[in-house]
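What follows is a set of notes on a single structure, which appears directly below.
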Amino acid sequence: MSDRQSLAAFIDGGSRGNPGIAGAGVHLELNGIPWRGLYRYLGSRTNNFAEYSALLDALQYALREGHRKIKVYSDSELLVRQILGQYRVKNPVLQELYREAQDLIRRLDSFKIQHVPREQNRAADALANRAQDEMANGEVEYPAKKPEEKKPGARIKD
């Protein structure tokens with residue numbers, strides 16, 4: 001992939017109960033245009049486990065597809081602050097997921113993560129819910145759109 005292509009991943013995880021039926025969702029945009037959606041059923045897990053699973057799915061997909069730069073957006077303030085090193089990861093299960101995420105991040109040329117309000121993360125939330133509803137994994141390829149069709153103000157500024 002070209003270094004000029006900008007990959008953004010909006011991630012979300014959720015569980016119905018804590019722990020409960022859980023799913024992870026990743027909404028990927030390439031150059032500001034919706035590109036792919038990923039969802040994964042996680043079984044009975046906690047919400048934080050699901051949030052980390054979505055991050056790992058985004059990082060693994062980016063690397064597999066040849067992207068070396070990624071900007072991640074999450075509505076989980078806890079996950080964002082832990083990845084940035086502002087909060088410690090105390091839970092042993094999450095510590096393992098955190099280490100796995102850090103290993104993947106080190107393989108990238110550029111990684112940024114930013115907290116966003118839940119309203120700006122609806123596509124990833126819908127994918128996480130789809131995983132929970134269908135108890136299934138999947139990938140969605142969004143229809144190609146011309147850049148001029150993109151709605152103004154839809155992009156999050158750095």
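The values are calculated or read from the model by the stated rules, or taken from the named source; none is laboratory data. Small disclaimer: the values here were computed from a predicted structure and weren't measured. Cβ atoms come from the backbone with ideal geometry, glycine included; neighbour counts cover every protein chain shown.
Of everything in the range 44-68, what is among the small types (G, A, S), more than 14 Å from the chain's Cα centre (by Cα) and more than 15 Å from G20 (Cα to Cα)? Give them in sequence order.
Our first condition is that a residue be among the small types (G, A, S); within the range 44-68, this holds for 44, 50, 53-54, 58, 62, 66.
From what is left, the residues that are more than 14 Å from the chain's Cα centre (by Cα) are 44, 66.
Passing the criteria: only G66.
If H27 satisfies all but one of (1) under 21 Å from K90 (Cβ atoms); (2) within 10 Å of the chain's Cα centre (by Cα), what's the number of the condition it fails?
Here H27 clears every test but (1).
Here are the criteria: (1) exposed (fewer than 13 other Cβ atoms within 10 Å of the Cβ); (2) at pLDDT 95 or above; (3) not acidic (D, E). Tell me which single one P143 does not satisfy.
The single condition P143 does not satisfy is (2).
Residues that are within 17 Å of E139 (Cα to Cα) and in contact (Cβ under 8 Å) with a residue 24 or more places away in the chain: find the strands (runs of 3 or more DSSP E) completely inside the range 17-119 holding 3 or more of those. Spell out how you get there, then give the answer.
Numbers: elements: 20-30, 33-45, 69-74, 110-115.
Answer list for the range 17-119: 20-30, 33-45.
Would you tally the residues in the range 92-128 being farther than 17 Å from Q60 by Cβ and of a type in the set (D, E, K, R)?
Taking the range 92-128 as the starting set, the residues that turn out to be farther than 17 Å from Q60 by Cβ are 92-95, 112, 114-123, 125-126.
Imposing the further condition that a residue be of a type in the set (D, E, K, R) reduces the set to 112, 118-119, 122, 125.
Residues meeting the conditions: 5.
Could you check, for the range 2-15, whether at least one of its residues is modelled with pLDDT of 95 or more and at positive phi?
Among the residues of the range 2-15, not one is modelled with pLDDT of 95 or more and at positive phi, which makes the answer no.
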